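One structure below.
The values are calculated or read from the model by the stated rules, or taken from the named source; none is laboratory data. In this text the structure is predicted, and so the values were computed from the model without any measurement. Counting neighbours? That spans all protein chains shown, and the Cβs are built from the backbone with ideal geometry, glycine included. The accessibility values were calculated without ligands, DNA or RNA, using every heavy atom of the protein model including side chains. Shrake-Rupley method; radii C 1.70, N 1.55, O 1.52, S 1.80 Å.
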Amino acid sequence: MPSIWITEIVFKPTGALTFRQMPSGILHIMSYPFMPPTTMSGFIKRLLDIAEGSEWKGYGKDWFGKGPGNHFTLTLDQNYRALGAFPEQDQWCVHKTRRHGPKNFKHRNFSQILRTDHKENYELHHWDYLFCNSLTGWIAAKEKEPLEKLGCLKNFGGKAGKEGWLFVESISEPRQVFLTEGQYIPLGLVTPPLRPDSGMFYNLYGHYWDENYQWTNNEKGGVTGFTQLGAWWNVDRVSGAYWAWDKGLGFPAHIPDDFIAGKEVEPFYNP
């Protein structure tokens, strides 16, 4: 029976978060109510580098497009499949507010205790802030060994998304999950070709992986572009093939493959 391995990670935010929805308007910075798989992939990669006592050597030059590569995208390699991280149902909210602060740092009237007029030069942005107690996410791999390396991440944290800071509160041992067929409650996201009758729909993006991408530190393999896809969250129930986390509970069979594409990418699920 086909199987893969999945590790569950619980993230603890230290304050408000913003995972910017794309495409986005200039004035209203909208946030997803969860950490998208692509964002989670880069965040976990950064934590791994920190936990292992190093930073990624090619960061500076590749970030500005001055190295052999076209641009810099920090992400896990294709052996890992981040599935996103999500708050508990009914235990989160998105607060919309005007972005605080002046547009111009030379604008002195904003910081004065006694103001002579009411023409403060506020920023034009309206901003979404996600408030939640925790985010629970998952990372999949075809084998157990790659996921065992993630055990060092506990208590490490850093900036996540456009705004906010998370640390790893707990991380489970890798669990082997088997391919099952039937009706189930989906964990995380549901993507086409499934068409659920419930849930909230979001526009999301996946990574395009190229094994021949040349980094400035002589490593090969990386993200050279993005794919666009839609996904539902908070779906009540769907039917089909799924990786069974528990009886009647799991992940759509194709979801580990949906957020990474490329000629050299080996799919986890072969229908």
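Which residue, Leu153, Pro186, Gly164, has the largest displacement toward the positive end of the dipole of the range 137-204 when charges sit on each Cβ (Lys, Arg +1; Asp, Glu -1)?
Looking along the dipole axis, the top candidate is Gly164.
Roughly how many percent of the accessible protein surface of the range 115-271 is carbon and sulfur, given a 1.4 Å probe and a whole-percent answer?
Working: 3900 of 8090 Å².
C and S atoms contribute 48 percent here.
If every alpha-carbon in the range 148-197 counts as one equal scatterer, what log10 I(q)/I(0) does Debye give at q = 0.27 1/Å?
Computed log10 I(q)/I(0) values: -1.05.
Given a 1.4 Å probe, how much area per residue of the range 143-223 is accessible, in Å²? Walk me through the numbers on the way to the answer.
Values: 4380 Å² over 81 residues.
Averaged over the residues of the range 143-223, the accessible area is 54 Å².
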